[in-house]
Ligand code: NAP
């Protein structure tokens with residue numbers, strides 16, 4: 001089975017639109033602030049996609065542009081205004097940031113109730129202790145949403161995640177544990193990767209190497225969630241050699257059209273979650 005992202009994203013989108021309409025009736029216009037430093041072309045491209053996505057669900061977006069020479073004091077002052085602005089429900093800061101801006105301090109400074117991209121250690125801690133009243137990073141949440149949409153019972157399943165980063169592997173392991181799965185995290189120093197993957201019911205790949213995993217890594221019963229985004233000869237591909245693996249494994253997410261499209265929608269879902277959290281205090 002091909003686990004396409006679009007139906008999952010469409011379902012989330014429908015729920016967001018419903019909530020946006022409810023909030024509007026109560027006089028609340030959901031709003032995302034996008035804080036961009038400098039004029040990096042990939043940031044600008046991502047920003048355009050985000051603005052478009054926001055429009056399709058009725059979320060307002062506000063772009064806050066600052067010079068890439070901005071110092072830490074001035075940057076924190078801009079962020080403070082966004083933190084305090086009652087009309088803003090979510091804040092997204094594009095990264096990487098220039099060297100003079102200390103990401104650690106910025107992560108601690110962002111209002112945790114508006115931290116839609118899970119930068120704040122407050123939200124990271126919530127993910128690790130299993131408190132759902134915070135924001136998880138969008139990609140790990142997208143992985144779980146896809147599996148739930150396709151009615152996977154995650155309890156007791158053996159899950160292998162090939163990635164140990166803070167944006168993917170580590171928080172995702174916590175989300176799977178929250179679903180009563182048994183998790184193995186693999187990385188570049190893991191021995192016998194193939195043997196570990198062959199014991200898994202679900203494999204999540206996120207190593208950033210195009211078509212690295214062929215059918216030899218998998219059994220025909222496994223579900224493969226390919227998070228990798230790579231470009232080969234101008235074409236986007238995942239970490240899995242999709243053409244070789246597609247008909248061999250039980251199910252797999254395509255790239256493009258899999259995890260990425262759901263991840264984008266999770267960010268907007270977080271803006272709505274932000275309103276809920278902000279109204280509670
Ligand atoms: P990262 O920080 O570079 O992490 C890569 C991970 O893969 C590391 O844990 C690394 O191990 C491991 N790894 C690399 N080569 C390996 C190998 N040969 N065998 C086993 N493990 C290996 O990257 P990231 O930021 O987490 O992103 C990972 C991928 O996901 C990228 O392709 C990125 O584009 C994609 N991504 C997709 C989405 C989405 O929405 N679909 C969102 C974010 C990221 P070490 O820790 O030992 O170095």
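Read-outs: derived from the displayed coordinates by stated rules, not from any lab. Nothing here was measured: the structure is a model prediction, and the numbers come from that model. Cβ coordinates were reconstructed from backbone atoms using ideal geometry, including for glycine residues, and neighbour counts include every protein chain displayed.
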Mean separation of Cα contacts under 8 Å (at least 6 apart) over the residue count of the chain, i.e. the relative contact order in percent, is 21 percent
At 20 °C and 1.002 mPa s, the Stokes-Einstein diffusion coefficient in µm²/s for the stretch 216-281, with hydrodynamic radius from the Kirkwood sum on alpha carbon pairs, is 153 µm²/s
Fewest-first ordering of 187, 270 by Cβ atoms within 10 Å yields 187, 270
Per principal axis, largest first, the Cα atoms of the stretch 138-261 extend in Å by 40, 29, 28
In units of 2.2 N^0.38 Å, the Cα radius of gyration of the chain is 1.03
If R0 = 35 Å, then residue 192 and residue 66, at their Cβ-Cβ distance, give a FRET efficiency to the nearest 0.05 of 0.15
Rounded to the nearest 10 degrees, the helix 41-57 long axis (Cα) sits at an angle to the longest Cα principal axis of the chain of 80 degrees
Taking every C-alpha to C-alpha distance in the stretch 20-172 and binning by 5 Å from 0, the per-bin percentages run 2, 8, 15, 18, 20, 17, 11, 6, 3, 1, 0
Contour minus Cα-Cα span, residue 74 to residue 52, at 0.36 nm per residue, comes to 5.0 nm
quick shape note, the stretch 61-145: Cα extents on principal axes in Å, largest first -> 38, 29, 19
Once both label points are put 7 Å beyond Cα along the C-beta direction, the residue 21-residue 214 separation in nm becomes 5.1 nm
In whole angstrom, the spacing between the Cα centers of the stretch 48-69 and the stretch 209-226 equals 36 Å
With the convex hull built on the alpha-carbon atoms of the stretch 129-182, volume per residue in Å³ sits at 80 Å³
The relative contact order of the stretch 27-111, taking Cα pairs under 8 Å that sit 6 or more residues apart, comes to a percentage of 43 percent
Quick shape check on the stretch 27-111: root eigenvalues a ≥ b ≥ c of the Cα gyration tensor, a/c under 1.5 is rounded, otherwise prolate if a/b tops b/c, else oblate, and it reads oblate
Most exposed first, judged by fewest Cβ atoms within 10 angstrom, 253, 263 run 263, 253
Extension length gain for residue 247 and residue 86 (0.36 nm per residue less Cα distance), in nm, is 52.9 nm
Rounded to one decimal in nm, the spacing of the 7 Å Cα→Cβ label points at residue 230 and residue 128 is 3.1 nm
Rounded to the nearest 10, the angle in degrees between the Cα long axis of helix 259-280 and the longest principal axis of the Cα atoms of the chain comes to 40 degrees
Here the relative contact order (percent) of the stretch 138-261, from C-alpha pairs under 8 Å and at least 6 apart, is 22 percent
